[in-house]
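The values are calculated or read from the model by the stated rules, or taken from the named source; none is laboratory data. Here the structure is a predicted model, which means the values were calculated and not measured. Ideal geometry is used to build each Cβ from the backbone, glycine not excepted, and the neighbour counts take in all protein chains shown.
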């Protein structure tokens, strides 16, 4: 890849992040129109996009971003109020810019000149021609370049209220020194109250420290200051926390405090790992209140008091006079710079490369297991030491697999924010009012799984808004809040990720669904539609309760796609609905495709791997605990309830057991898919294994009830069970194909 191609690739990746960030800020701004932080974040994103596009030669994008930047500057300065139409307009503009970037990425012109003129004309009509300097239809005037705030420099110029190194202007000559020679130290200095009586002056000590190190940050702890009337001018009440940058060793730094070290609390800690490009990365990770508390700007009582109010913490503390606005801006700027620097340290890696690493680790694990099996025969010769070393290697390899798999995991926040926008736009088109709640956004899911569920979730969100939510007038007539609610929730349960989408709308009308199902031949006369089977009915291809076809619904496509895609992932979908109160769709999805924890079992000389997330328990088979039901069906008592028993030879169409063989069955594995519980008759229950599942569909062909396969340590192939498909095959009494 040439340098030009690499620069473009970085631009496209960063632009995607910038547009997503601006979109999320706009949605937050719509809910809180006075949020200056979100306005600033949008402005910064558009400004960065303008500069970046100009740098890689996309002048059309840069010019248009410049015009949009002028509009945002008016919003930022308070000259233009934030309204819903304005937010909609800005969201459309972001989509327009995104489209230009995509066309530029494919080598096409960014936009037709006439389209650019039309968009600029629309922008000018929105505000008025005089509102935007340089926003004429033909071009863009130059303006003073926007400068990012540099909070680290502000702290530096302050010199921490102490003089700089004698004979050396602040910052001079630093660029010539290799950054690797510098270390960062945190000094916590708590002196005795009667320190002055010993002839020591802490100010002189700090001046001596400043001669050998750059004072990056100095925070005075004034929490022990008594009331003015009780002040003793000969007592020391202050303590300090100081960050210094120096090439000196820890011992040399400690030597500054040689004469006060024994009877005072002097602590020196190296914190170089916390700093990147001179920025403290830990500041961006911590809440604002914690940083202000550490700096001594507020007390613990101030923090707890402020958190009890439903406002931004910084605004509350400024309003109460606990801190001044300059202190707040300084800390917020430090946090922003810390986060920006942290983002620079992240690396984008193609998922294909990660998958290669996972596969390589699996191959190493298989090789080590086979090697151990071979050496077992010669253990008397080699002794146990070799076995111990092999076990250690296997352990390291397992950890390596897990670490690589974690790289594939992403929080669901970005996905949920995307659907928040879809819900908002759908409601806006239908003149409905909506509020979107996001819960569990930190829950992580495999990137590949996220990509597969994007379309299903999009259908569900639109369904909830279109079919579920009523108009404001209907809701008020029903005694509801005119503003409808859509709630996204995610959490982990066992080895599955649960995603729920809930609306507080009209719920599902079972009578109407039954009428439509009867008309379309989905059910027969006399069949009952209830909450147990309504999901299966609405997921039938071509089914819709809409009488008229709209841009959103009525064609009968959507819910069948959702169900199909979720089941392809090895997941399941369920529905809870109540007329007049709303509906909740619940998706159960595998945590990751990369690694799967399984239980190894053998039956009829075949190896199977049962996903551990679905294993409820195992036990030795007891014939006396069996009850026969119907035509040879068996029920077995497990944890105070009878569950059906699955005979794998019947389900997978392998050689059936004879009655005598059935009596010799030794073990049962009980499975709970969250929808059904059942037991499986197996010959042997072996060890748990963590495996990389290989797709049968891509390497052979699709086999019902089998999710994939893997190679075991002895070189044999084991089939990984698809528990949801197995459950459906057994409980629906459908015969499995002989492919298995």
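Please pick out the residue among 82, 46 that is in contact (Cβ under 8 Å) with a residue 24 or more places away in the chain and either closer than 26 Å to residue 13 by Cβ or over 30 Å from the mean Cα position of the chain (by Cα) (or both). Break it down into steps so the answer makes sense when it comes.
Details: 82 fails: either closer than 26 Å to residue 13 by Cβ or over 30 Å from the mean Cα position of the chain (by Cα) (or both).
Criteria check complete, one pass: 46.
Does residue 211 count as under 19 Å from residue 182 (Cα atoms), assigned by TED's automatic domain parsing to the domain that holds residue 323, surrounded by 12 or more Cβ atoms within 10 Å (Cβ to Cβ) and in contact with a strand residue (DSSP E or B) (Cβ under 6 Å, 6 or more places away or on another chain)? So that I can check it myself, show each step before the final result.
On the way: under 19 Å from residue 182 (Cα atoms): yes; assigned by TED's automatic domain parsing to the domain that holds residue 323: yes; surrounded by 12 or more Cβ atoms within 10 Å (Cβ to Cβ): yes; in contact with a strand residue (DSSP E or B) (Cβ under 6 Å, 6 or more places away or on another chain): no.
The answer is no for residue 211.
Do you know which residues across segment 441-456 are assigned to a helix (DSSP H, G or I) and touching a residue at least 60 places away in the same chain (Cβ under 8 Å)? If you could, list the steps in order and put the result at the bottom.
The first filter runs over segment 441-456 and keeps only residues assigned to a helix (DSSP H, G or I), leaving 447-456.
Passing the criteria: 447, 448, 449, 452, 453, 455, 456.
Quick one: how many residues across segment 494-532 are in contact (Cβ under 8 Å) with a residue 40 or more places away in the chain and either assigned to a helix (DSSP H, G or I) or over 30 Å from residue 428 (Cα atoms) (or both)?
Initially, segment 494-532 is screened for residues in contact (Cβ under 8 Å) with a residue 40 or more places away in the chain, giving 494-510, 531.
Pick out the ones that are also either assigned to a helix (DSSP H, G or I) or over 30 Å from residue 428 (Cα atoms) (or both) and you get 494-497, 510, 531.
Adding up the residues that qualify gives 6.
Among the residues in segment 416-437, are any at pLDDT below 90, over 22 Å from residue 85 (Cα atoms) and either buried (at least 20 other Cβ atoms within 10 Å of the Cβ) or out of contact with any helix residue (DSSP H, G or I) (no Cβ under 6 Å at 6 or more places or on another chain) (or both)?
Yes, the conditions are met somewhere in segment 416-437.
Which residue, of 612, 595, is over 30 Å from residue 509 (Cα atoms) and buried (at least 17 other Cβ atoms within 10 Å of the Cβ)?
Working: 612 fails: buried (at least 17 other Cβ atoms within 10 Å of the Cβ).
One residue alone meets the criteria, 595.
Quick grid of which residues meet (1) in the same structural domain as residue 500 (by TED's automatic domain parsing); (2) out of contact with any strand residue (DSSP E or B) (no Cβ under 8 Å at 6 or more places or on another chain); (3) assigned to a loop (DSSP other than H, G, I, E, B):
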{"site": "394", "(1), (2), (3)": "no, yes, no"}
{"site": "397", "(1), (2), (3)": "no, yes, no"}
{"site": "400", "(1), (2), (3)": "no, yes, no"}
{"site": "404", "(1), (2), (3)": "no, yes, no"}
{"site": "417", "(1), (2), (3)": "yes, no, no"}
{"site": "423", "(1), (2), (3)": "yes, no, no"}
{"site": "426", "(1), (2), (3)": "yes, yes, no"}
{"site": "431", "(1), (2), (3)": "yes, yes, yes"}
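Looking for whichever is at pLDDT 85 or above, under 27 Å from residue 327 (Cβ atoms) and in the same structural domain as residue 195 (by TED's automatic domain parsing) here; the options are 232, 280, 265, 221. Which one fits?
265
Would you tally the residues in segment 540-566 being crowded, with 18+ Cβ neighbours inside 10 Å, at pLDDT 60 or above and assigned to a loop (DSSP other than H, G, I, E, B)?
Residues flagged as crowded, with 18+ Cβ neighbours inside 10 Å, at pLDDT 60 or above and assigned to a loop (DSSP other than H, G, I, E, B) within segment 540-566 amount to 3.
Which ones in segment 510-523 are surrounded by 16 or more Cβ atoms within 10 Å (Cβ to Cβ) and under 16 Å from residue 579 (Cα atoms)?
Let us first name the residues in segment 510-523 that are surrounded by 16 or more Cβ atoms within 10 Å (Cβ to Cβ), namely 510, 513-514, 516-517, 522-523.
Once the filter is applied, which keeps residues that are surrounded by 16 or more Cβ atoms within 10 Å (Cβ to Cβ) and under 16 Å from residue 579 (Cα atoms), segment 510-523 yields 510, 513, 514.
What's the total number of residues in segment 446-466 that are out of contact with any helix residue (DSSP H, G or I) (no Cβ under 8 Å at 6 or more places or on another chain) and modelled with pLDDT of 85 or more?
0
(1) closer than 24 Å to residue 598 by Cα; (2) assigned to a strand (DSSP E or B): which one isn't true of residue 435, the others all being true?
Against the list (1) closer than 24 Å to residue 598 by Cα; (2) assigned to a strand (DSSP E or B), residue 435 comes up short only on (1).
Go through segment 215-247 residue by residue and tally those that are touching a strand residue (DSSP E or B) at 6+ places or on another chain (Cβ under 8 Å) and crowded, with 18+ Cβ neighbours inside 10 Å.
Of segment 215-247, the ones touching a strand residue (DSSP E or B) at 6+ places or on another chain (Cβ under 8 Å) are 215-221, 224, 238-247.
Filter once more, so that each one left must be crowded, with 18+ Cβ neighbours inside 10 Å: 215-218, 239-246.
Of the residues in that region, 12 qualify.
How many of the residues making up segment 406-415 are touching a helix residue (DSSP H, G or I) at 6+ places or on another chain (Cβ under 8 Å), surrounded by fewer than 17 Cβ atoms within 10 Å (Cβ to Cβ) and in a helix (DSSP H, G or I)?
2
For the list (1) within 28 Å of residue 420 (Cβ to Cβ); (2) surrounded by 15 or more Cβ atoms within 10 Å (Cβ to Cβ); (3) modelled with pLDDT of 80 or more, I need the number of the one condition that residue 579 fails.
Against the list (1) within 28 Å of residue 420 (Cβ to Cβ); (2) surrounded by 15 or more Cβ atoms within 10 Å (Cβ to Cβ); (3) modelled with pLDDT of 80 or more, residue 579 comes up short only on (2).
Which residue out of 241, 261 is part of a strand (DSSP E or B) and in contact with a helix residue (DSSP H, G or I) (Cβ under 8 Å, 6 or more places away or on another chain)?
Among 241, 261, only 241 is part of a strand (DSSP E or B) and in contact with a helix residue (DSSP H, G or I) (Cβ under 8 Å, 6 or more places away or on another chain).
Is segment 45-60 home to any residue that is in the same structural domain as residue 103 (by TED's automatic domain parsing), out of contact with any helix residue (DSSP H, G or I) (no Cβ under 7 Å at 6 or more places or on another chain), surrounded by 17 or more Cβ atoms within 10 Å (Cβ to Cβ) and assigned to a helix (DSSP H, G or I)?
Keep residues of segment 45-60 that are in the same structural domain as residue 103 (by TED's automatic domain parsing), which gives 45-60.
From the residues that got through so far, the ones that are out of contact with any helix residue (DSSP H, G or I) (no Cβ under 7 Å at 6 or more places or on another chain) too are 51, 55, 57, 59.
After this cut, where a residue has to be surrounded by 17 or more Cβ atoms within 10 Å (Cβ to Cβ) as well, the list is none.
Among the residues of segment 45-60, not one is in the same structural domain as residue 103 (by TED's automatic domain parsing), out of contact with any helix residue (DSSP H, G or I) (no Cβ under 7 Å at 6 or more places or on another chain), surrounded by 17 or more Cβ atoms within 10 Å (Cβ to Cβ) and assigned to a helix (DSSP H, G or I), which makes the answer no.
Return the total of residues in segment 61-78 being more than 16 Å from residue 111 (Cβ to Cβ), in contact (Cβ under 8 Å) with a residue 40 or more places away in the chain and out of contact with any helix residue (DSSP H, G or I) (no Cβ under 6 Å at 6 or more places or on another chain).
Residues of segment 61-78 that are more than 16 Å from residue 111 (Cβ to Cβ), as a first pass: 69-78.
This time we only want the ones that are in contact (Cβ under 8 Å) with a residue 40 or more places away in the chain, so: 69-71, 74, 76.
If we keep only those that are out of contact with any helix residue (DSSP H, G or I) (no Cβ under 6 Å at 6 or more places or on another chain) too, we end up with 70-71, 74.
Adding up the residues that qualify gives 3.
Counting only residues that are crowded, with 16+ Cβ neighbours inside 10 Å, under 31 Å from the mean Cα position of the chain (by Cα) and modelled with pLDDT of 85 or more, how many does segment 471-505 have?
16
Do you know which residues across segment 383-402 are touching a helix residue (DSSP H, G or I) at 6+ places or on another chain (Cβ under 9 Å) and free of Cβ contacts under 8 Å to residues at least 40 places away in the same chain? Explain how you work it out, then say what you get.
Initially, segment 383-402 is screened for residues touching a helix residue (DSSP H, G or I) at 6+ places or on another chain (Cβ under 9 Å), giving 386-387, 390-391, 393-394, 397-398, 400-401.
Selection gives 386, 387, 390, 391, 393, 394, 397, 400.
So residue 727 fits all but one of (1) at pLDDT 75 or above; (2) not assigned by TED's automatic domain parsing to the domain that holds residue 601; what number is the exception?
If we test residue 727 against (1) at pLDDT 75 or above; (2) not assigned by TED's automatic domain parsing to the domain that holds residue 601, just (2) comes out false.
Please find, within segment 653-684, the residue that is nearest to residue 706 (Cα to Cα) out of those that are assigned to a loop (DSSP other than H, G, I, E, B) and at pLDDT 75 or above. It would help to see each step written out before you state the result.
Of all residues in segment 653-684, those assigned to a loop (DSSP other than H, G, I, E, B) come to 653-658, 664-666, 673-676, 683.
After this cut, where a residue has to be at pLDDT 75 or above as well, the list is 666, 673, 676, 683.
Details: 666: 23, 673: 15, 676: 18, 683: 19 Å.
Among those that are assigned to a loop (DSSP other than H, G, I, E, B) and at pLDDT 75 or above, it is 673.
Go through (1) within 28 Å of residue 432 (Cα to Cα); (2) in contact with a helix residue (DSSP H, G or I) (Cβ under 7 Å, 6 or more places away or on another chain); (3) not in a helix (DSSP H, G or I) for residue 489 and report which single condition fails.
(2)
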